[in-house]
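A.B. asks: Got a structure here, written out as C-alpha cells. Questions coming.
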Amino acid sequence: MKNKRKIFLWILFLAVLIVIGVVLYYFQKGTVTKWNYDQLCQNASSITGQVSVKVTSNGVYVLEGYYTSAGKIYKFMAVLDEKDYYSFKGLGIADMMLGYEEGNTWKQLLVSLIPTVLIVVFYIWMFSSMMKGGGMGGNMFGNNKQRPRETKSDVKFKNVAGINEEKQELVEIVDYLKNPNKYAQMGARVPKGVLMEGPPGTGKTLLAKAVAGEANVAFFSMAGSEFEEMFVGLGASRVRDLFSDAKKAAPCIIFIDEIDAVGRKRNSSMGLGTSEQTLNQLLVEMDGFGTNSGVIVMAATNRVDVLDPALLRPGRFDRTIQISLPDIREREAILKLHANNKSVSPEIDWKRIAERTPGFSGAQLENVLNEAAILVVREKRKMITINDIDEAIDRVVGGPAKKSRAMTLKDKQIVSYHEAGHALIGLKLRSASKVQKVTIIPRGNAGGYTIMTPKDESNFSSKEDLHAAIAGYLGGRAAEEVIFGKDNITTGAHDDLDKATNISRKMVTQFGMSKLGLTKYLTMAEEAYGQTKGVYSDEVAYKIDQEISNMLDECYKIAIKIINENKELLELIAESLRVLETITAEQIDYINKNNKLPNEVILEKERKAKEDKKREAGEILEFEPDADEGDTKN
Ligand code: ADP
Ligand code: ZN
C-alpha cells in the first residue's frame, strides 16, 4: 500500500519533469537565431514585420524580430553598439519600434520563471495533499496512516519487571501528568524530555507505555525512521503534526523510538539534509511548548553518543535514563512475569534459567517463553517443562538474536576479573573516582562496565586525578595480565585504551601537564576547522606521541602494582561478580573492609552447591550444560 503510493508519486513527478523539459525544448528552438552586425545586414531583406529595440543602460541596443527563410518564420536577435545600430537604422529596412520597453522585460522574466513556478506549485500541492488528508488528491494518497498514532496504553509499572531504579525516576513524571496544575502552582519545572538509553529489547518502549498507562493519558508514538520518507521537508512537517496533535490531547506522552535516526550530530560541512531539517524542527517544537503544557517527550536510543548535543540541552531532553541488559535477578523477575499467563511446570526453577541466560534482553527472555509455549502447543501437551525452555533458549540464541550472543562461562571469568580490576584501582588509588556499581552484564561492545563518580566535587582535575583516571581505565587490562598472564590478555580493553589515551593526549597537548611544557597544541578538530595557530612540526608530533606512550606506561605500572598487592581483594570482587553479576558500592566497601565475601554471595553459593549435589544424585532433571562451558567454581 505504502509502496504503491510512493511509486505513483514518483511516476507523477517524472511525468511533470518530462512535460517541463519538452516545453523548454520548444521554447529554446523557437527562440533565437543570434546575428552579429554583418549577418544582420545580409539577412535584412528577409526580416518581416516590426523589429523591437531595447536600449540598455550601458548603451547596448538589443534588436529582436522575425525573419522568413524557406517559407518558415524564425525569430532573431542582434546585439549592437550605438554606431552599428544607427548604421543599420540608416538602411531603413524595417520600421523599428524604438525605445526602452519595460513590458517586454517583464514578459520575458515571467516566461523564464514558468518552469520554476510549475515545480514549486507541484511540490506544494503534493505536500499539502499528503499532510492535510483532505482536499485535492488527499483521498488518492490515502494518507491517514501518516498521522502519528495516538493510543491509550494499558501497560502499568507492574508489567515492567526489574529496572526498579529507572521506574522510580519516572514516578514523578507520572504524578506530574496526573496533576499538572499542582506543579504549575508551585512553579516547579518538570523535565520536558526523557531520553532512555539502552540496548534493544530492554523495555524502553514498554516503560514509556507504562508511564502513559499509569498516568492514564494519551500515548503518541512514532519511530525516528518514520520521519524520513521520500522528500526533503516531509520529516519536519511530520514533527510539526505530531506536536500539534499532542498539544491538543495534553496531558500526554510523545514517544519517539530510535531517535538517533533523526537526532544524529549535524554535519557542519554539508548543507541542510533531510534529517537535519527534521532535527531542527524537533528542537524548535521542544523549545516551543511551555514547561507546564502537559506534554512529555520520551525518546529511546541505543546510542547517546551519536546524538546531536543540542538535543541534550536543558529544556529539551534534560533527563537521561540508562537502561542496561537485565542482571540475574532482573532476568528472573522478567521470566516470572511472562510465565504468569502460561501454564508452566511447577518444577521450573526460574533462578536457574536466569543463570543460564546472561546477556539476554527482556525481549529475548519473553521470546524464550513464547517459543517454549509454541513447542508445547505443537506437541499437544499441557505444560511448559524445563526441556521446552532449554530448547527455546537454544532457538533464541541461535536464531535471529545471534548478535547479542549469550556469555560463555569463560567470558564471564575474564570479564569478572577485568571489571574487578577497574573497581580495585578505584578503591585503592586515593584520587581515583569512587566506584558506584560494577557489572559483568555486557553493554554495547563492552563486556561489562564499572560506573565511577569523582570523590570530591571540584570542577578542576589535578594532574594526580588524571593519572589516577588513566590507571583506572588500564586497571581492567592489568587485572587480565596479572591473572591470566601476558599472553592471554584480551581485546576487551580496547575502549578503555581509547579513553586512557584521550586523557593522556589532552594532558600533553591541552593542559600543559607534561615535559613538553605549557604550549597548547592544536587538536585534530581545531585543525580541521582551519585554525592554524598552534600547528606543530613532525618533530613535535613525535614528541607528543612519545610523551603519551610514556605516561600510559607509567600509569599501567601503577595499576599492575596495585593489582599485585591486592590479589586477594581482586579475587573476592571477581567472585562476587560472577555470582551476583552486579555489585553495588556498599558490597564493594564491605569486601574491602572485611576481606570476605558478602553474605548474599555466600548464601547464593551454598544454594547452588546444594543444587549441584541434587543434580548429581539425579534428583533434578536438568538440561545439559553447553560443551564450551568450563568449571564455574574456582
Ligand atoms: P525496547 O523499546 O527497549 O527495544 P521493548 O520495550 O519494545 O524494548 O521490549 C520488547 C518486549 O520485551 C516488551 O514488550 C516486553 O514483552 C519484553 N520486555 C523487555 N523488557 C522487559 C521488562 N523489564 N519487563 C518485562 N518485559 C520486558
Ligand atoms: Zn574495561
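A.B. asks: Roughly how many whole Å is it from the C-alpha centroid of the range 550-564 to that of the range 569-603?
C.D. replies: The range 550-564 and the range 569-603 have Cα centres spaced 24 Å from each other.
A.B. asks: Counting other beta carbons within 10 Å of each residue's own, what order do Val22, Val376 fall into, fewest first?
C.D. replies: So the ranking, lowest neighbour count to highest, is Val22, Val376.
A.B. asks: Based on the Kirkwood radius over alpha-carbon pairs, what is the Stokes-Einstein translational diffusion coefficient of the range 409-614 at 4 °C with 1.567 mPa s viscosity, in µm²/s?
C.D. replies: Rounded, D is 71 µm²/s.
A.B. asks: Multiply the residue separation of Glu568 and Asp545 by 0.36 nm, subtract the distance between their alpha-carbon atoms, and state the gained length in nm to one decimal.
C.D. replies: Residue separation times 0.36 nm, minus the Cα-Cα distance, leaves 4.7 nm.
A.B. asks: Calculate, for Lys561 and Leu518, the FRET efficiency according to 1/(1 + (r/R0)^6) with r their C-beta to C-beta distance and R0 30 Å; round to the nearest 0.05.
C.D. replies: The value I calculate is 0.50.
A.B. asks: Can you spot the aspartates and glutamates whose alpha carbon is less than 16 Å from Lys152's alpha carbon? Ignore those fewer than 8 places along the same chain.
C.D. replies: Hits, sequence-local ones excluded: Glu214, Asp245.
A.B. asks: If you don't mind, there's one more thing I want to ask. Sorted by packing (mean other beta-carbon atoms within 10 Å per residue), highest first, where do 561-570, 608-617 land?
C.D. replies: Those peptides, ordered most packed to least, come out 561-570, 608-617.
A.B. asks: Still on this model: Starting from 0.36 nm per residue, how many nanometres of slack lie between Lys593 and Leu409 once their C-alpha separation is accounted for?
C.D. replies: 63.4 nm
A.B. asks: Report the extension gain between Lys83 and Val120 in nm, rounded to one decimal, defined as 0.36 nm multiplied by the number of residues separating them, less their alpha carbon distance.
C.D. replies: Difference between extended and current length: 8.9 nm.
A.B. asks: Same structure, new question: Taking 7 Å along the Cα-to-C-beta vector as the label spot, tell me the Asp287-Arg313 distance in nanometres, rounded to one decimal.
C.D. replies: 0.6
A.B. asks: Which three semi-axes in whole Å describe the equivalent ellipsoid of the range 331-397, each the square root of 5 times a Cα gyration tensor eigenvalue, listed largest first?
C.D. replies: Over the Cα atoms of the range 331-397, the semi-axes work out to 17, 12, 10 Å.
A.B. asks: To continue, here is another question. Evaluate the distance, in nm, between pseudo-label points positioned 7 Å from the Cα of Asp612 and of Asn502 along their respective Cα→Cβ axes.
C.D. replies: Label at Asp612, label at Asn502, 4.1 nm between them.
A.B. asks: I need Tyr176, Tyr417 ordered by Cβ neighbour count within 10 Å, fewest first.
C.D. replies: Placing the least packed residue first, the sequence is Tyr176, Tyr417.
A.B. asks: Now, a different point. Report, for the range 149-322, the % of DSSP beta bridges that are antiparallel, rounded to 5.
C.D. replies: Approximately 20 percent, going by the DSSP bridge assignments.
A.B. asks: Could you work out the relative contact order of the range 331-397? I mean the mean sequence separation of Cα pairs under 8 Å and 6+ apart, divided by the number of residues, in percent.
C.D. replies: 40
A.B. asks: Placing +1 at every Lys and Arg Cβ and -1 at every Asp and Glu Cβ, with all other atoms neutral, what dipole size does the range 149-322 have around its Cα centre, in debye to the nearest 20?
C.D. replies: Using Cβ point charges on Lys, Arg, Asp and Glu, the range 149-322 gives about 400 debye.
A.B. asks: Report, in cubic angstrom per residue, the convex hull volume of the C-alpha atoms of the range 149-322.
C.D. replies: 105
A.B. asks: What FRET efficiency comes out for Ser45 versus Ser112 if R0 is 35 angstrom and r is the Cβ-Cβ distance? Round to the nearest 0.05.
C.D. replies: Once rounded, the FRET efficiency stands at 0.65.
A.B. asks: Points 7 angstrom from Cα along the Cβ direction at Lys486 and Ile451: gap in nanometres?
C.D. replies: The modelled label-to-label distance comes out at 3.8 nm.
A.B. asks: Provide Val32, Val368, Val155 in ascending order of the number of other Cβ atoms located within 10 Å of each residue's Cβ, fewest first.
C.D. replies: Listed from fewest to most nearby Cβ atoms, that is Val32, Val155, Val368.
A.B. asks: For the cross-link pairs Lys178/Lys342; Lys410/Lys434; Lys428/Lys593; Lys567/Lys613, which exceed 24 Å when the distance is taken from alpha carbon to alpha carbon?
C.D. replies: Beyond 24 Å between Cα atoms: Lys178/Lys342; Lys410/Lys434; Lys567/Lys613.
A.B. asks: Quick check on packing: order 584-590, 67-73, 221-227 by the mean number of other C-beta atoms within 10 Å, highest mean leading.
C.D. replies: Packing proxy ranking, top to bottom: 221-227, 584-590, 67-73.
No value in this document is a laboratory result; all are computed from the given coordinates. All figures in this text were calculated on a predicted structure; none of them were measured in a lab. Cβ sites come from the backbone with ideal geometry, for glycine too, and all protein chains shown count toward neighbours.
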